[in-house]
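Q: Structure incoming, see below.
The values are calculated or read from the model by the stated rules, or taken from the named source; none is laboratory data. Since the model is a prediction, treat every value here as computed from it, not as a measurement. Methodologically, a virtual Cβ is constructed for each residue, glycine included, from the backbone with ideal geometry; neighbour enumeration extends over all protein chains shown. Ligands, DNA and RNA are stripped out before the accessible areas are found, and what is left, the full protein with its side chains, is counted by its heavy atoms. Shrake-Rupley method; radii C 1.70, N 1.55, O 1.52, S 1.80 Å.
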Amino acid sequence: MSKVLKEKSNQITRKYKSNIHEGIDIVGYKNSLDYIIAHSNGIVVGIQKNYKTNDAIGRSYGNFVKIKHSNGLYTLYAHLKYGSVCVDIGDKIRKGTVIGYMGNTGHSIGAHLHFEVRNNLDKKIDPTNFIDSDFQTNITKYNIGRYVVDVDVLTVRKEPFIDKKDSNWLKFEELSKNAQEQIKKSNQNTNIPNGLVKGVICDVNCVLQNWGKVPSGWICLDFCKKIT
């Protein structure tokens with residue numbers, strides 16, 4: 001997204017079309033260029049910053065930045081100018097952070113921004129309705145600290161979202177050794193569950209909306225009580 005994307009001067013030069021062009025192309029007023037900013041808060045999970053060429057064929061993004069947001073959605077910003085990408089993998093990004101500059105790297109015809117939105121399964125979806133809408137990933141009622149599980153079994157997720165197939169949760173043997181030991185001590189059943197049992201204490205060192213990062217993965221803090 002450009003710095004002035006919400007102003008009428010920005011132009012969509014190519015629209016989204018499923019399986020053909022699964023993003024939107026954006027330039028500024030009279031095809032002007034601009035810095036690119038992050039749509040919403042998130043974490044950088046993909047990056048290419050040393051791509052120098054413009055390719056006549058192929059599907060290359062050239063230089064790009066991919067950000068994951070706390071609601072499970074991703075945004076991707078492609079064809080950025082060589083040398084302009086100013087973030088790295090793992091960086092925590094706030095809405096409005098400058099991440100690069102419009103360019104013409106990869107398979108691109110003229111400098112512009114190619115903007116994508118992907119769902120929690122990393123599938124490309126139409127980004128048009130998200131241009132001026134905030135994901136609201138900066139809203140949270142929780143903070144870092146120590147929590148205790150307040151439900152019978154709380155699954156631990158690989159990523160901070162829930163998918164319908166539950167392919168995102170960790171198995172017992174994938175949990176940290178400390179979590180496994182706490183479960184064994186607290187669990188009164190003979191079968192060890194795929195998650196944290198009631199009473200297990202969790203140290204949360206990062207919060208994204210209602211999700212907390214623990215050594216094993218992510219837990220939903222709606223089912224916990226904060227103790228410190």
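Q: So which of Asn210, Asn138, Asn168 ends up being modelled with pLDDT under 85 and touching a Cys at 6+ places or on another chain (Cβ under 9 Å)?
A: Every option except Asn210 fails the conditions.
Q: Say whether the condition of being out of contact with any Phe, Trp or Tyr (no Cβ under 8 Å at 6 or more places or on another chain), closer than 21 Å to Ala56 by Cα and of a type in the set (A, V, I, L, M, F, W, C) is met by at least one residue in segment 80-93.
A: no
Q: I need the full set of residues from segment 32-82 which are in contact with a Lys or Arg (Cβ under 7 Å, 6 or more places away or on another chain) and open to solvent by 50 Å² or more (accessible area, probe 1.4 Å), in order please.
A: Within segment 32-82, Tyr35, Val45, Tyr82 qualify.
Q: For segment 175-188, state whether one or more residues are in contact with a strand residue (DSSP E or B) (Cβ under 7 Å, 6 or more places away or on another chain), open to solvent by 70 Å² or more (accessible area, probe 1.4 Å), at pLDDT 90 or above and not aliphatic (A, V, I, L, M).
A: No, the conditions are met nowhere in segment 175-188.
Q: When you look at Ile26, is it open to solvent by less than 40 Å² (accessible area, probe 1.4 Å) and touching a Phe, Trp or Tyr at 6+ places or on another chain (Cβ under 9 Å), yes or no?
A: yes
Every residue, every condition in (1) in contact (Cβ under 8 Å) with a residue 12 or more places away in the chain; (2) closer than 27 Å to Lys92 by Cα; (3) part of a loop (DSSP other than H, G, I, E, B), yes or no:
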position: Val151; (1), (2), (3): yes, no, yes
position: Asp166; (1), (2), (3): no, yes, yes
position: Glu173; (1), (2), (3): no, no, no
position: Ala179; (1), (2), (3): yes, yes, no
position: Ile183; (1), (2), (3): yes, no, no
position: Asn194; (1), (2), (3): yes, no, yes
position: Ser216; (1), (2), (3): yes, yes, yes
position: Asp222; (1), (2), (3): yes, yes, no
position: Thr228; (1), (2), (3): yes, yes, yes
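Q: From the residues in segment 141-155 that are over 14 Å from Pro193 (Cα atoms), in contact with a strand residue (DSSP E or B) (Cβ under 7 Å, 6 or more places away or on another chain) and open to solvent by 70 Å² or more (accessible area, probe 1.4 Å), which one is modelled with the highest pLDDT?
A: Out of the qualifying residues, it is Arg146.
Q: May I pose another question? If you check Val44, Val85, which single one turns out to be in a loop (DSSP other than H, G, I, E, B), closer than 30 Å to Trp211 by Cα and among the aliphatic types (A, V, I, L, M)?
A: Going through Val44, Val85 in turn, just one is in a loop (DSSP other than H, G, I, E, B), closer than 30 Å to Trp211 by Cα and among the aliphatic types (A, V, I, L, M): Val85.
Q: Need the failing condition index for Asn205 against (1) open to solvent by 70 Å² or more (accessible area, probe 1.4 Å); (2) closer than 23 Å to Asn41 by Cβ; (3) touching a Pro at 6+ places or on another chain (Cβ under 6 Å), just the number.
A: (3)
Q: Among the listed residues Asn19, Asn71, identify the single one that is out of contact with any helix residue (DSSP H, G or I) (no Cβ under 9 Å at 6 or more places or on another chain) and over 30 Å from Trp218 (Cα atoms).
A: Exactly one residue qualifies, and that residue is Asn19.
Q: Which is farther than 14 Å from Asp25 by Cβ, polar (S, T, N, Q) and free of Cβ contacts under 8 Å to residues at least 60 places away in the same chain, of Asn63, Asn104, Asn71?
A: One residue alone meets the criteria, Asn63.
Q: Now for a separate question. Can Gly28 be described as in contact with a Pro (Cβ under 8 Å, 6 or more places away or on another chain), in contact (Cβ under 8 Å) with a residue 12 or more places away in the chain and within 21 Å of Thr128 (Cβ to Cβ)?
A: The answer is no for Gly28.
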